[in-house]
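The values are calculated or read from the model by the stated rules, or taken from the named source; none is laboratory data. This one's a predicted model, so the numbers in the text were calculated from it and none came from an experiment. Counting neighbours? That spans all protein chains shown, and the Cβs are built from the backbone with ideal geometry, glycine included. Remember, those area values only see protein heavy atoms, side chains included, never the ligands or the DNA or RNA. Shrake-Rupley method; radii C 1.70, N 1.55, O 1.52, S 1.80 Å.
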Amino acid sequence: MTQTAVQAAAYLHHLALESSTPSHLAEFYSDAMDMGLAKISDAEWRCEGPGRRMIIVAGEDKKLSFAGMACRNADGLAALRARRKRGT
């Protein structure tokens, strides 16, 4: 049986949004979602709170740059890797 991400207990770990003004968007999310804010560089900011993480990077407005997934255990990760190798 092929395991899906849900069966493997995978979850969204973080996401990265692009913005032409990353500092402004990061400040907005930090304030609106009560998250800590860290300036990584002029082009990258990180917002973090309990159970939520966002990265804001310089780029095109209103664009998802990437999303990071995680598994709750090594077995789930191994199942997803095996699925990927099979191409299903």
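For segment 4-88, trypsin sites (Lys or Arg not before Pro) are listed when DSSP marks them as loop and at most 12 other Cβ atoms sit within 10 Å of their Cβ; the list is K62, R72. Taking the C-alpha atoms only, the angle from helix 22-32 to the longest principal axis of the chain is near 80 degrees.
Considering only DSSP beta bridges with both partners in segment 13-88, what is the antiparallel share in %, to the nearest 5?
That works out to approximately 75 percent antiparallel.
Here is the tail figure for the chain: Cα pairs spaced more than 16 Å apart come to 59 percent of all pairs. Looking at the chain, the accessible area is 68 square angstrom per residue; that uses a 1.4 Å probe and ignores ligands, DNA and RNA. Please determine, in degrees from 0 to 90 and to the nearest 10, the orientation of helix 74-86 with respect to the longest principal axis defined by the Cα atoms of the chain, where the helix direction is its Cα long axis. Around 80 degrees separate the two axes.
With Cβ to Cβ distances under 10 Å as the rule, what net charge do the other residues near E18 carry (K, R +1; D, E -1)?
0
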